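Below is one structure, written out as structure tokens, with a few remarks after it.
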Amino acid sequence: MHGYLLLGLLIVAVLFIVLGTARWKLHPFLALILAAFGVGIFSGLPGSETVSAITDGFGGTLGSIGIVIAAGTIIGSLLEKSGSTQVIADMVINWIGKARSALAMSITGAIVSIPVFCDSGFVILSPLNRSLASETKQSLATFAVALSMGLYATHVFVPPTPGPIAAAGTLEADIGSVILLGVAVTIPVIIITYLFAKYIGSRIYIDPEKSLSTDLDRSEVDENMPVKDRPNSVTALLPILVPMLLIALGSVASLPSAPFGEGEITEAINFLGDPNTALIIGVFLAFRTISGVNRGPKVYGEWVGDGLKSAGTIILITGAGGAFGSVLRATEIGTFLGELLANWNIGIFLPFLIAAALKTAQGSSTVSIITTASIMLPLLPGAGLAGGLGPVLVTLAIGAGAMTVSHANDSYFWVVSQFSGMDVSQAYRLQTAGSAVAGVSGMVMVFLLSLFLV
């Protein structure tokens, strides 16, 4: 199968996932796996290649994020039951006020995602997100979209995140200029997506006290840990801040300039800064939020188990999303869309549309960014974007396209939806629509910059 038939097959697969989960109440894991098999078979992939793509995608996704999700849900369970999330929520509200707490989460996400992958950042910050939504009595939908888009913006616009730094290298764009203009694009994107989050959150209510599948509510938290036994603010924050700091240091240590050298210190930083290691350290710091007299088999067994019960479903659905994306990458749909759009003479909008098509087709923002950069490199002179800040603006346009849109074949879509208690139809109205708003607003900013800088 080739060309437009593949595009039609993708549309049918997405419709099957949406209708299967929303109308027929099919579990998302099974819907994604069936969609992956269907795309593979009907696209003409041999049966063995279809199965290989599914298992590779499933295993590859879980290999990169499975432990992170498991450790993140354990941290979340411990922080909730120890009362730490309430402590943090009270502190944030006292600092910035209830009215701006969702914006604060969006800005926090944008800062965190410069060195930390957005899915890891969402896992780490999810307990705080839920607590603030509960404390301010707002829909978790508002906070989920605000945090998700804040994380997403710097993930695609600001190096040293791998996608934009790889695109800048391919296009020979100045890294410093990409960072500066990337921040300039990110700021309005955060503001616009925050306003969207407030708008859509007023129409879709998600109860923050029932956001995961643990049946945990606020009254149970209070029963498990009396107010007098709750940790101080520093102890409550350490399980969140320390993993983020370690991951950030690991990202810095991995830069081509090798700022920490190449010896044992760098090796140690890379080990501790690996998200898997950092989140496990966060688990043990979360144990410290519980006073010594209250620790015991219930904490180390039952409370950890509560977190893992949530993690199991999230991990399987995220892995299935990776399998679906892997099958799409094994077909020729990405190549077809890239070649089709490359023939259009539309200037700075060309890299945006190619990246958006690739992102929508195969799910990975990083793959979309890197692939589009390779496609665009020989087209820069003809588009009048080879000199000056042209390559920088092309890099940012690619980043805007690479977040347009996040849907069922994107593992981040499932991380956000499952950690925020969204069903699939809600996730499309929140995460998918939010990423479209973010991508389009980002491209508008890039276009406005091009009017003055090219």
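Name the single residue, out of those in region 231-260 being modelled with pLDDT under 80 and part of a loop (DSSP other than H, G, I, E, B), that is surrounded by the fewest Cβ atoms within 10 Å (Cβ to Cβ).
Among them, the one singled out is 257.
If you take the residues in region 176-219 that are modelled with pLDDT under 80 and aliphatic (A, V, I, L, M), which one is farthest from residue 150 (Cα to Cα)?
Among them, the one singled out is 216.
Anything in region 432-454 that is within 16 Å of the chain's Cα centre (by Cα) and β-branched (Val, Ile, Thr)? List them, or say none. Quick ask: steps written out before the conclusion?
Pass one, region 432-454, residues within 16 Å of the chain's Cα centre (by Cα): 432-439.
Passing the criteria: 432, 437.
Does residue 408 count as in contact with a Leu (Cβ under 7 Å, 6 or more places away or on another chain), within 23 Å of residue 4 (Cα to Cα) and surrounded by 24 or more Cβ atoms within 10 Å (Cβ to Cβ)?
On the way: in contact with a Leu (Cβ under 7 Å, 6 or more places away or on another chain): yes; within 23 Å of residue 4 (Cα to Cα): yes; surrounded by 24 or more Cβ atoms within 10 Å (Cβ to Cβ): yes.
It is true that residue 408 is in contact with a Leu (Cβ under 7 Å, 6 or more places away or on another chain), within 23 Å of residue 4 (Cα to Cα) and surrounded by 24 or more Cβ atoms within 10 Å (Cβ to Cβ).
Yes/no per residue for (1) in a helix (DSSP H, G or I); (2) closer than 20 Å to residue 387 by Cβ; (3) of a type outside the set (Phe, Trp, Tyr):
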residue: 137; (1), (2), (3): no, no, yes
residue: 141; (1), (2), (3): yes, no, yes
residue: 146; (1), (2), (3): yes, no, yes
residue: 149; (1), (2), (3): yes, no, yes
residue: 152; (1), (2), (3): yes, no, no
residue: 173; (1), (2), (3): no, yes, yes
residue: 180; (1), (2), (3): yes, yes, yes
residue: 183; (1), (2), (3): yes, no, yes
residue: 196; (1), (2), (3): yes, no, no
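Being part of a helix (DSSP H, G or I) and in contact (Cβ under 8 Å) with a residue 60 or more places away in the chain is the filter here; which residues of region 198-212 pass it?
Keep residues of region 198-212 that are part of a helix (DSSP H, G or I), which gives 198-201, 208-210.
If the condition is that a residue be part of a helix (DSSP H, G or I) and in contact (Cβ under 8 Å) with a residue 60 or more places away in the chain, then 198, 200, 201, 208, 209, 210 are the ones that fit.
Give all pairs with beta carbons closer than 9 Å in which a residue from region 384-400 that is free of Cβ contacts under 8 Å to residues at least 12 places away in the same chain meets a residue that is in a helix (DSSP H, G or I); count only pairs at least 6 apart in sequence or on separate chains.
386/380; 387/380; 387/381
How about region 392-426: which of its residues are over 27 Å from residue 349 (Cβ atoms), of a type in the set (A, V, I, L, M, F, W, C) and part of a helix (DSSP H, G or I)? Spell out how you get there, then give the answer.
Within region 392-426, the subset over 27 Å from residue 349 (Cβ atoms) is 411, 414-426.
Narrowing further to those that are of a type in the set (A, V, I, L, M, F, W, C): 414-416, 419, 422, 424.
Result: 414, 415, 416, 419, 424.
Of the numbered conditions (1) surrounded by fewer than 24 Cβ atoms within 10 Å (Cβ to Cβ); (2) within 30 Å of residue 446 (Cβ to Cβ); (3) at pLDDT below 80, residue 90 fails exactly one; give the number of that condition.
(2)
Could you figure out which of (1) farther than 30 Å from residue 387 by Cβ; (2) at pLDDT below 85; (3) of a type in the set (S, T, N, Q) isn't true of residue 161?
(1)
The values are calculated or read from the model by the stated rules, or taken from the named source; none is laboratory data. The model shown is predicted, which means the values in this text are computed figures rather than measured ones. FYI the Cβ positions are ideal-geometry reconstructions off the backbone, even for glycines, and counts take in every protein chain you see.
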